[in-house]
Each structure stands twice: as C-alpha cells, then as structure tokens.
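The values are calculated or read from the model by the stated rules, or taken from the named source; none is laboratory data. This one's a predicted model, so the numbers in the text were calculated from it and none came from an experiment. With ideal geometry, Cβ positions are generated from the backbone for all residues, glycine too; neighbour counts draw on all protein chains shown. Only protein heavy atoms, including side chains, enter the accessible area calculation; ligands, DNA and RNA are left aside. Shrake-Rupley method; radii C 1.70, N 1.55, O 1.52, S 1.80 Å.
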Amino acid sequence: MGDFDEVFDFVVAGSGGGSMCAALVMRTTGKSALILEKTEFLGGTTARSGGVMWIPNNRFMERDGVEDSAEQAARYLDGLAASAAPAAGNTPERRAAYLREAPRMLDFLVGQGIRLRRVSEYPDYYDERPGGSVPGRAVVTELFDVNELGEWKERLRPSFIVAPTSLMPGLLQKPMQRAGMPYLAAALDEMMDLTAISQSWRLKLLGARIVLRTVAARLRGKRYVAGGASLQGRMLQAAVRAGVELRTQSGVSELLVEGGTVRGVVTIRDGRPWRVGARLGVLVNAGGFARNQAMRDRYQGGLPASWSMAAPGDTGEMIQEMMRHGAAIAQMEERVGHQIVLPPGAEASESKPGVQGLTAAPHAILVDQSGVRYMNEGGSYMAYCQGMLERHKSVPAIPSWAVFDHEHVRKYMLAGTMPGTQKPQHWYDSGFLKRAASLGELARACGLSPGALEKTVQRFNGFVERNRDEDFHRGERAYDRWLGDPFNRPSQSLGSISKPPYYAIAVVPGDVGTYGGVVCDQYARVLREDGSVIDGLYATGVSTASVMGRTYPGAGSSVGPSFAFGYIAARHAAHLDQR
C-alpha cells in the first residue's frame, strides 16, 4: 500500500450507530479496526437519541409470539415506497438486504453480549397499511451503568433522553434533587408511561419502583443511562473489550485514493496530518448535515440549523468529501423532522422541547397562520413536519399554532412541565405561551383570524362529539391512539377544546437529523452517478440516502439501518458475504 503513517484492516469515519457494530464484526474475524471521531465524544447522534432500532421479524418478536415475517415487513415497506416519490436509496435490493440482514445483525449483537429487548407496544407509524405491525418492531437496550466504562465513560456522548425527577409527584421531587439525583433510572418506554402518572395508580406504582431503583443504584455506586446513551454505552464497552482502536478529536479530512480504490484517510494525530491506510476499506458513518447551514440552505430551503437536535458534529463534510470522489447523492431535501417549541433561550441549546404528544393528545389541535387545521396531528413526527412544510407552500404554516384548553393543561405535560402545574411567568411575558379567556382573544394574540379559529375549533368539537375525525381521521390507527391518552374515553386521541382559559404555542419543524446523502448499493458500497462502485468505500447511517426513502416506517428507522448496513459493510469488506 501507499506511504502511510499506520495501517489498519478497516477504518471507520464517525462513531454513530453502525460504527462500533462494523468494527466488532471485523474484530470477530481477527481483523484490526479503527474508529475516528472528530468531536470529543463517542456515539454520534445515536447516543443522543432514544436508542431505538426498527428491526422487523426479530428474535424478540418470535420469542414473545408476536406475528411477523420478512414477507409481511416487505409488504409494508414496499407499500410505503410506492406511496412516496422515487428515492435512490430505497431500491428493492436495499430494502431486501435490510429485511434479511437486520435480524442477523441483532443476533450478532446479542452474541457479543449486548443486552437488548423489544418494547412491548410501540406501533409502526403506519400500522393501518398492509404489513404494518400494531405491537411494533422496536428494539432497545436494557438500562446501562455507565460506570462500567471506567475511564471511557467521560468520552460517551450524553443523551437528551432522560427522565427528570420532575416527572415524580412534588412530594418526591425535592428530596431526590437534594440528594443529587436529578434524573430517574427509567427506560425509554417507562419514561413515556410516566407522562400520565397523575391519572393512574398503576403508573404511580411504576413511579415508586423507579424511585426505589434510582435510590438503590445510587447507594451501589451505579449511574444508569437510558435511550441512545445506553445503546452506545454498551456498544462502546463491547468495542473496547474486543480491541477496537477508538480515537476522539480525530476527524477525517480526506479520503486517499490509489488506482480508483479508496485506500485510506487523512486524519489528525498529535496536532499534525496523519495518513492511515485501510487494507479492506473505509466506512463513512459520520452523520448528515443537520448542523451545516450552508448545506441546509442549498438542499432544504434554508430551515435554521438551530432547530436541529442532531449532534454538533453533524456538519456534512464527509458527504462533501465523498462527492469530491464522484459519489452520487440523493434525498438531500429529506430530514427526520421532529416538531419542537422554542422557549426563551432554546435556540442556543443543543436540545429543544419536542412536542410530538402535544397536539396528538385530546383537547388540542394544530392550525396554520390562517387559523385552519390542516393535518392529522397524530402519527409520525417526520410526516408531521413534512405536512407543515407542504402546507407552508400555499398558506403560511411555519410556525403553526398548537391550540388547547385548560383541560389539556390540567391533564398533560407541556414543554417538559408536569400536568396541572403553574407555567413559568417568563413564558407568558415573552409571548412563548399565549393565554386568553376566549378563542377570539387567543386568535388576536397569535395574529390569527378570530372567526377562522372559532370555526375550526367548532368543527373539531363536532368531530369529538361524534367520535370521528371526518377531516383527517385522527385516532383511527393504533399509533395515533398510542400517542394519545389511554385514560381518555371514548377516544384516546380526541377531546373537545371547550374549557377556558385557552392556550396557544408556536410549533416549528425541527429535526433530529437529515435523511439524504450518498447513494449506496445493497452491500453499503458507495456508488457513482453511473451506478458503478467506488471500490474500497462504504457508507451507512445518515451519511447515506436512507433505505427508507422518504418515509419513517417506525421508531428507530434511522438507527436500525445504520447498524444493519454497518454490519453488512464489514461483512462484505471482510469477504464474509459476497453474494
């Protein structure tokens, strides 16, 4: 090989979802693997996320007697692909590879000691479509004691998926916080349940168990993390044990090509350029471009990078570097939208309050700036934000307004505050949260037509009375109901907006990452515009045009493919799978 400072069998740029999975595959074959992360933390946006993987026909579904098959999942994905515009990352061959290899990847991780489980109920986002699953195909990790990482724990990227002690009744909040326990040792699905803790003795008992678990963990010197931090913490632990070389603050600035084949990379070591050879190939899993405003301006209509919750390193330079070597790109206008609100100071923060449940719960709707409701407020966060952007082409809808009443505030969380609690005065003073005695007064405060808003609410309340959303069918699919209130009758999704005072809050289409990038084949090899392979170059995660195309089939539709195609890439590079 060329003139390199050092050589590994496989080099990975970025430390997100599929990186450590790919490196583990290499180590099980006796090959060397190096992961290069440009920031100070390992784990990428995956570590910040909910840490869910969407894996059809997985071992845990089979164990629990939940019906699924590759054929059923293929019907689902094929139907979603047919309903959307063509997408180069979403070829039949790539979908088939995902459905075949993702369950095998999961088995591989379990064999490496990664403790995983299914979420008992997390419906697919289009569960009403042929092949959709109501129990869901979501896989998560067990809680992880980050202290098990030893010196590496300080290099794991923190997650914004945490359960604050503010979810507990007031009697327990202050003693726990005084004891230095601002967060609960709660799994992702438990956190979701806790939002309704005020309405159920079963959930109060769950809360009590979580408090006891948190206290016991603290007494035993444990520090549990959940969500993506748990997933990536376990992956980091396995990678370190397997002998994977991991380096932080070591970004890749250049791909090195000899004779048309990618042979290595240029990184930084000891403050100077460092050339690393890769005998079997280079895998790029360096994130998308959610934090690159220039790329967002070019490909995504200029939506602010400050609205993203992607990791700070999600700046797109590796996509640009692959393009420099002829890589085709696609789906660059797509993003994993996530509706957010912006309390005072939030735009400067890495995380913003996500409000998927705000207008999916009873007693709330979303309206555009004409005061008209225009979508099913339940369903996929990606579809929700796509709906906002599409509406904005004809009617101003960014921001849109969530409109709700006193009953909603009494029963449900709002931007991280507990149900029924007094909201911060600066929310009102700044205009972040509007409050009024009548809908007409609320409309004027929001700059809406009073007549239009009153008519919209009256029409919606009629649907609530008849228990059927005749405009947008909210509540007719399992996922809508799952997002709603299990204790609200007769509908988990619908509730009238009729009890003053009335409230409104501006909602904008944030995101958790982009969904387009380089085009790859079913082996995760990067392709040129003419469909030929760039030898020695693989990619996975949101550095690529997603295998899911322009839809988000279920929770974990970014993380699952990142892991699966990292697994596929490493097996192909190691000559384990050359079909």
- Item | Under-5 Å amide H pairs with THR544, H placed in peptide plane, nonlocal only | VAL518
- The list (i) -0.68, -1.01; (ii) -0.79, -1.10; (iii) -0.84, -1.39 gives values of log10 I(q)/I(0) by the Debye sum over Cα atoms at q = 0.09, 0.11 Å⁻¹, and only one came from this structure; which label was calculated from it? (i)
- Task: Would you grab the residues whose amide H sits under 5 Å from the one on GLU334? Only those 5+ places off in sequence or on another chain, please, with H modelled 1.01 Å from N.
- Result: TYR515, GLY516
- Kirkwood hydrodynamic radius of region 439-579, Cα pairs, Å: 19.5 Å
- Message: Please report the spacing between the Cα centers of region 117-144 and region 200-247 in Å, no decimals.
- Response: 21 Å
- Computed log₁₀ I(q)/I(0) - Debye formula, equal Cα scatterers, no solvent, region 216-369, q 0.10, 0.16, 0.21 Å⁻¹: -0.57, -1.16, -1.41
- Task: Would you grab the residues whose amide H sits under 5 Å from the one on GLY536? Only those 5+ places off in sequence or on another chain, please, with H modelled 1.01 Å from N.
- Result: VAL262
- Rounded to the nearest 20 Debye, what is the dipole magnitude of region 60-107 about its Cα centre when Lys and Arg each give +1 and Asp and Glu each give -1 at the C-beta? 220 debye
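Could you check what % of the DSSP bridge pairs in the chain are antiparallel, to the nearest 5? Mind showing how you got there, number by number?
Working: 48 of 68 bridges.
Looking only at bridges with both residues in the chain, the antiparallel portion is about 70 percent.
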- Quick tally, 1.4 Å probe accessible area for PHE8, PHE565, sorted with the most first, runs PHE8, PHE565
- Using heavy-atom solvent-accessible surface (probe 1.4 Å) with all chains present, what is the largest-first order of ARG550, ARG335, ARG202? ARG202, ARG550, ARG335
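When only DSSP loop residues count, what trypsin sites (Lys or Arg not before Pro) in region 94-154 have their Cβ near at most 14 other Cβ atoms within 10 Å?
Details: sites: ARG94, ARG95, ARG100, ARG104, ARG115, ARG117, ARG118, ARG137, LYS153; in loops: ARG115, ARG137.
Sparse-neighbourhood loop trypsin sites (Lys or Arg not before Pro): ARG115.
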- Cα centre as origin, Lys/Arg/Asp/Glu Cβ charges: region 263-333 dipole, Debye: 360 debye
- Answer with one residue from TYR384, MET322, GLY288: the one whose Cα lies farthest towards the positive end of the charge dipole of the chain, charges on Cβ with Lys, Arg +1 and Asp, Glu -1. TYR384
- Message: Rounded to whole Å, give me the distance from the Cα center of region 520-579 to that of region 389-464.
- Response: 42 Å
- Per-residue HN-Hα couplings for region 260-269, Karplus 6.51 cos²θ - 1.76 cosθ + 1.60 at θ = phi - 60°, whole Hz, x for Gly and Pro? x, 10, 6, 10, x, 9, 10, 10, 10, 9
- Environment charge of ASP521, counting only residues whose C-beta is closer than 9 Å and scoring Lys/Arg +1, Asp/Glu -1: +1
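For the chain, what does the accessible surface come to per residue with a 1.4 Å probe? Please give it in Å². Don't skip to the end; give the middle numbers.
Details: 21960 Å² over 579 residues.
In whole numbers, the chain has 38 Å² accessible per residue.
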- Query: Antiparallel as a % of all DSSP beta bridges within region 2-159, to the nearest 5?
  - Reply: 50 percent
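For the pairs LYS411/LYS455; LYS38/LYS153; LYS38/LYS222; LYS352/LYS411; LYS204/LYS352; LYS153/LYS222, note any where the Cα-Cα span goes beyond 19 Å. Don't skip to the end; give the middle numbers.
Numbers: LYS411/LYS455 25 Å; LYS38/LYS153 17 Å; LYS38/LYS222 29 Å; LYS352/LYS411 22 Å; LYS204/LYS352 27 Å; LYS153/LYS222 12 Å.
Those over the limit are LYS411/LYS455; LYS38/LYS222; LYS352/LYS411; LYS204/LYS352.
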- Message: Once neighbouring chains are kept in place and the probe is 1.4 Å, which whole percent of the accessible area of the chain is contributed by carbon and sulfur?
- Response: 50 percent
